[in-house]
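The values are calculated or read from the model by the stated rules, or taken from the named source; none is laboratory data. Keep in mind the model is a prediction, meaning the values are calculated, not measured. Don't worry about glycine lacking a Cβ; one is built from the backbone with ideal geometry, like all the others, and counts go over all protein chains shown.
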Amino acid sequence: MSQYIYLVPLFPLIGFLIAGLGRNVLGKTLLGWIPSMAVLASFVVSLLIFRDVQHMDPEHASVVVQIYNFFHVGNFSVNFSFQVDQLSTLFLLIITGIGFLIHVYSIGYMSHDEGFGKYFAYLNLFVFNMLLLVLGSNYIIMFIGWEGVGLCSYLLIGFWYKKKEYGNAAKKAFIMNRIGDLGFLIAVFLIISRFGTTEFSEVFRSQAGIVANGPFILAVTLCLFIGATGKSAQLPLFTWLPDAMAGPTPVSALIHAATMVTAGVYMIVRSNILFTIAPVTQHIILMVGLATALIAATIATRQNDIKKVLAYSTVSQLGFMFMAIGVGAYTAAVFHVITHAFFKALLFLGSGSVIHGMSGEQDIRMMGGLKEKMKTTYYTFLIGCIAIAGIPPLSGFFSKDEIMMHLFTNGAFGKVFWALGMIAAFMTAFYMFRLLFITFFGKFRGTHEQAHHVHESPALMTMPLIVLAILSIGGGLIGVPEVFGLGEHWLKEWLEPILLKSELAHIYINELSHRGELLLMAIAVIIAFLGIILAWSLYKNYDAKKQNKGIAKFLEDKWLFDEAYDNAIVKPTFAAANVLKTNVEEQVIDGAVNGVGKLLHAASNRLRYLQSGMVGFYLFIMVAGIIALAILLFFIH
Amino acid sequence: MPIQYYLYLSLALFCTGIIGALMRRNAIVILMCIELMLNAVNLLLVAFSNHFNDASAQIFVFFIMVVAAAEVSIGLAIIVLMYRRVHSIDINILNRLKN
């Protein structure tokens, strides 16, 4: 079955071509359903391949399928080839599965938009590139997908490009990502210079000769991590993600929550062997992840835009994943990617349903009391909130708990990290339920017209919500800890061949007794409930008129990150450009160009007196010239 | 007779021609001076032809004579027309054509 892997990215590519070329020809029904079916077809093929891999001997399940030789320079050659193994098939299922649900949802959500065909073309192009990223069997193919998803992200953030700030948000996302991409590229060049190949299997096989913690491996892993911070919105490059919410809401769900932003996590997990021999980088990742999780969570507690809350929540959850990577718990990171994909897609689509019902209103201060009017949306959103807050037995509890467990047992400072992580988890429960209470409880605060208009979304939109809600409830079952006596941790078993060499060095979990493990879980659950109770007591009767002051204002202003970047980078750049413009461009370059013209003008002004029209004078000049030439010839010889 | 004599004569004729062409304003005189220069060259060609016992240079002389005759006839025709128009054969009047 693995040899048919090329079908998986091929279907969305065909869908992209059909939707893109036929966007003005085909009807809306076809334009919506052809791309959706293309992704569904990919999902079915992925499922078959997944089953195939499942039945194979885990050690030999990794297959590289070569499509063709991409390019060949000297003795360096890059194959266009796909890697089928436990990790990539898992991501295939998430991308195509959630991608399909979001395509279906989009048919309802975008039904009134004039860019309908263009939207689906972009969406399919994104799925294609994301599949390329995940399937590539070397860093070059991965990089193609990496850039491709960045492009699609840019196109979709700026989808409503007629609004200037949306276009600016798209540019911001693209430029921020470029910084990360530079890191990724440098890492790839370093790998090529050392190993002479970018093929994963060969790089990971020959890493044995590298000195652990040596300058080379540190440079490679740090550059890869810089790439990951860009794509996965970690400090200091995270500010693009909240702005990326300018795009249509299903895009936020698919690209900026469920799939693309986890590309950084995927890339590091894929390169786990390199990171394992660079503990210094891992410490940096842990710190960055922790700082991101905390800062983003604090910002999320004071945002008033429903999508901004979810965006900062995404940044914060990505921080959790990087914390897991930082302590070498790659399984936990992948686990959280999966559960997060479920419940964050659910929450975003739920918020999209709310926005749809409110005719485009995104400010939660204008909402309230939607519980009665949008029942399906409310219940599915509630499930999403419970899942992300970490209440058992929903999916978020298991994945977050696993990360916390690994933090707790990670060396001397593990308990400090765990405590800080717990604070972030507390804030997660708080801000999610704050959002829930403000949006769905209390009295309706919008205009009279909006109150009249509010309605539940069509079935096309609620069905994906229900499916994702079920996944958010049950998704945790793929990684139930052994302490509950329900058998092995399935995901850990599944990923073992990929992480074999890495996780052996980092299994601390055994140090913790079963009683201790249960105690930590109990604390986590209590903390989550505390967050919910606090949110209930503060926001059950929300007063929208109260202004934020002091720290709350600072948090509402997002720690002034945008302002700081503006003052530190954007403004000096513009100032420098202005200085260069007035001094270099206008004086030196323009001066040189205009100077040539002026010189010719002045010279010809003088020379035109030679053109007197006096024949005698012409003759004289001619004779004088001939004589001068004759004399010259005479002296030369 | 040594070749130098021919050369001196030719040089003298040519210089006379040049100076005349440069100095005089009468168009007919200038035309005559140009003839003088052409004939100075003819003389030179004939002299060398004789000196090297090669007749081919004399072919050129005939050509130059034909061209000079044609040139004079056209030049005189222009001068006649010019005289009819401006009642003068002063060469410097020609620059007024531009107005």
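A compact table of results
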item: Of all residues making up the stretch A:441-468, the number that are in contact with a Gly (Cβ under 7 Å, 6 or more places away or on another chain) and crowded, with 22+ Cβ neighbours inside 10 Å; result: 3
item: Cβ-Cβ under 7 Å pairs, at least 6 apart or on other chains, the stretch A:126-137 side among the hydrophobic types (A, V, I, L, M, F, W, C), far side not in a helix (DSSP H, G or I); result: A:Met130/A:Thr259; A:Leu135/A:Ile5; A:Leu135/A:Phe82; A:Leu135/A:Gln83
item: Residue list for the stretch A:449-465, restricted to those being within 15 Å of A:Ile102 (Cβ to Cβ) and hydrophobic (A, V, I, L, M, F, W, C); result: A:Leu460, A:Met461, A:Met463, A:Leu465
item: Given (1) in a helix (DSSP H, G or I); (2) out of contact with any Ser or Thr (no Cβ under 8 Å at 6 or more places or on another chain), index of the condition A:Arg302 fails; result: (1)
item: Residue check, A:Ala233 on the phi > 0 side of the Ramachandran plot and either among the aliphatic types (A, V, I, L, M) or at pLDDT 90 or above (or both); result: yes
item: Answer from A:Leu93, A:Leu30, A:Leu13, A:Leu26 - the residue that is under 25 Å from A:Ile478 (Cβ atoms) and either within 27 Å of the chain's Cα centre (by Cα) or of a type outside the set (Gly, Ala, Ser) (or both); result: A:Leu93
item: Only one of A:Val53, A:Val63 that is free of Cβ contacts under 8 Å to residues at least 60 places away in the same chain and crowded, with 16+ Cβ neighbours inside 10 Å; result: A:Val53
item: Unique match (being farther than 25 Å from A:Phe437 by Cα, in contact (Cβ under 8 Å) with a residue 24 or more places away in the chain and either in the same structural domain as A:Ile478 (by TED's automatic domain parsing) or crowded, with 24+ Cβ neighbours inside 10 Å (or both)) among A:Ile299, A:Ile284, A:Ile306, A:Ile295; result: A:Ile284
item: Qualifying position, being of a type in the set (Ser, Thr, Tyr), crowded, with 21+ Cβ neighbours inside 10 Å and not assigned by TED's automatic domain parsing to the domain that holds A:Lys344, among A:Ser111, A:Ser42; result: A:Ser42
item: Condition met for A:Gln54 (assigned to a strand (DSSP E or B) and under 20 Å from A:Val334 (Cβ atoms)); result: no
item: Sole residue being at pLDDT below 95, within 14 Å of chain A (Cβ to nearest Cβ) and either part of a helix (DSSP H, G or I) or surrounded by 16 or more Cβ atoms within 10 Å (Cβ to Cβ) (or both), chosen from B:Asn92, B:Asn50; result: B:Asn92
item: Residue among A:Gly328, A:Gly360 that is buried (at least 24 other Cβ atoms within 10 Å of the Cβ), in a loop (DSSP other than H, G, I, E, B) and either modelled with pLDDT under 90 or not assigned by TED's automatic domain parsing to the domain that holds A:Leu518 (or both); result: A:Gly328
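Residues checked against (1) surrounded by fewer than 16 Cβ atoms within 10 Å (Cβ to Cβ); (2) away from every other protein chain (no Cβ under 14 Å); (3) out of contact with any helix residue (DSSP H, G or I) (no Cβ under 9 Å at 6 or more places or on another chain):
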| site | (1), (2), (3) |
| --- | --- |
| B:Gly17 | no, no, no |
| B:Leu45 | no, yes, no |
| B:Asp54 | yes, yes, no |
| B:Ala57 | no, yes, no |
| B:Val61 | no, yes, no |
| B:Ala69 | yes, yes, yes |
| B:Ala77 | yes, yes, yes |
| B:His87 | yes, yes, yes |
